[in-house]
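Input: a single structure, listed below in structure tokens.
The values are calculated or read from the model by the stated rules, or taken from the named source; none is laboratory data. Small disclaimer: the values here were computed from a predicted structure and weren't measured. Using ideal geometry, Cβ is built from the backbone for each residue, glycine included, and neighbour counts are taken over all protein chains shown.
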Amino acid sequence: MTTAGADADRQIENHLAALSEGLIAPSGREMARVSWLDFALNPMPELFTMPPGGVSAKVKDALLRKRFTDRQIGVAHDYLTRTDFDIMGGVLGLATYGGRVNTVARDATASSQRDSILDTACNTGWLDPREEEANLKWVRAFYRELFAESGGVPIPGEAYEGSLINHPDTDHADPSFNKSGVPWHALYYNENYPRLQQIKARWDPRNVFKHALSIRPR
């Protein structure tokens with residue numbers, strides 16, 4: 001996605017050329033021009049307007065400070081090519097990160113992740129409720145093996161910077177999936193969590209506004 005105006009086509013061409021260097025050229029592409037508001041209100045109409053009421057999805061996100069190791073690349077190849085699962089919506093997403101995002105101070109906003117180069121996610125989606133179990137089994141196993149060396153989650157450190165709260169994953173708060181000993185809020189907010197708890201105590205002391213991964217009162 002680019003907002004470069006008249007230079008958008010050139011910017012996209014240069015970006016794709018850089019990503020494809022040394023590889024087989026992309027066999028196809030799809031581009032469209034839409035206003036920011038139209039995209040924000042309806043980002044993926046081919047998904048969210050499908051009957052009966054859209055797609056159910058599970059997104060398991062991680063922010064990377066370094067590229068995947070060779071072992072992790074092998075895990076990804078295995079899960080994306082294996083034949084013992086029939087997962088129509090199974091995807092490994094990789095999105096470039098950093099740039100201007102990483103010029104903001106870690107304590108300037110709720111999001112402390114300001115040192116990542118990639119945002120990656122193991123994703124799956126299904127239309128038929130009967131397919132939920134198989135999809136969840138696949139995506140959870142994929143993610144667990146990717147981050148097996150850190151307890152099944154991308155704990156903040158040399159290689160990772162936790163997860164993006166825009167892609168909330170309640171598995172992070174479940175010790176059967178998160179075996180790292182690092183609490184879910186440290187994965188999402190790192191050292192900013194105590195300050196967020198102070199704000200929560202001031203503006204919502206009765207914890208009226210809450211969900212599975214909302215800021216917990218002190």
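The sole residue among ARG206, ARG195 that is among the charged types (D, E, K, R), modelled with pLDDT of 95 or more, over 30 Å from LEU80 (Cβ atoms) and not in a helix (DSSP H, G or I) is ARG206.
Any idea which residue in region 174-196 is farthest from PRO154 (Cα to Cα), counting only those that are without any contact (Cβ under 8 Å) to a residue 60 or more places away in the chain and surrounded by fewer than 16 Cβ atoms within 10 Å (Cβ to Cβ)? Only one residue fits best here, namely PRO194.
Yes or no, residue by residue, for (1) touching a residue at least 40 places away in the same chain (Cβ under 8 Å); (2) touching a Gly at 6+ places or on another chain (Cβ under 9 Å); (3) surrounded by fewer than 17 Cβ atoms within 10 Å (Cβ to Cβ):
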| position | (1), (2), (3) |
| --- | --- |
| ARG130 | no, no, yes |
| LEU136 | yes, no, yes |
| TYR143 | yes, yes, no |
| ILE155 | no, yes, no |
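Do you know which of the residues in region 105-144 that are farther than 27 Å from ARG71 by Cβ and of a type in the set (A, V, I, L, M) is nearest to the chain's Cα centre (by Cα)? Looking at residues that are farther than 27 Å from ARG71 by Cβ and of a type in the set (A, V, I, L, M), I get ALA110. Scanning region 25-47 for residues that are farther than 17 Å from THR2 by Cβ and hydroxyl-bearing (Ser, Thr, Tyr) yields one hit, SER27.
Scanning region 164-184 for residues that are part of a helix (DSSP H, G or I), touching a Leu at 6+ places or on another chain (Cβ under 8 Å) and not β-branched (Val, Ile, Thr) returns HIS172, ALA173, TRP184.
Residue-wise test of (1) closer than 20 Å to HIS167 by Cα; (2) at pLDDT 95 or above; (3) not small (Gly, Ala, Ser).
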{"residue": "THR69", "(1), (2), (3)": "no, yes, yes"}
{"residue": "GLN72", "(1), (2), (3)": "no, yes, yes"}
{"residue": "VAL75", "(1), (2), (3)": "no, yes, yes"}
{"residue": "PHE85", "(1), (2), (3)": "no, no, yes"}
{"residue": "MET88", "(1), (2), (3)": "no, no, yes"}
{"residue": "GLY93", "(1), (2), (3)": "yes, no, no"}
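When region 154-163 is filtered for residues that are in contact with a helix residue (DSSP H, G or I) (Cβ under 9 Å, 6 or more places away or on another chain) and assigned to a loop (DSSP other than H, G, I, E, B), the ones remaining, listed by number, are PRO154, ILE155, PRO156, GLY157, ALA159, GLU161, GLY162, SER163.
Summed over region 1-30, the residues that are part of a loop (DSSP other than H, G, I, E, B) and of a type in the set (Asp, Glu) give a count of 2.
Of all residues in region 81-100, exactly one satisfies the criterion of being assigned to a helix (DSSP H, G or I) and either more than 20 Å from the chain's Cα centre (by Cα) or closer than 13 Å to ALA141 by Cβ (or both), namely THR81. In region 45-70, the residues that are over 23 Å from LYS137 (Cα atoms) and surrounded by 11 or more Cβ atoms within 10 Å (Cβ to Cβ) form Cβ pairs under 8 Å with partners that are modelled with pLDDT of 90 or more and among the acidic types (Asp, Glu), at six or more places apart or across chains, as follows: LEU64/ASP119; LEU64/GLU161; ARG65/ASP115; ARG65/GLU158; ARG65/GLU161; LYS66/GLU158.
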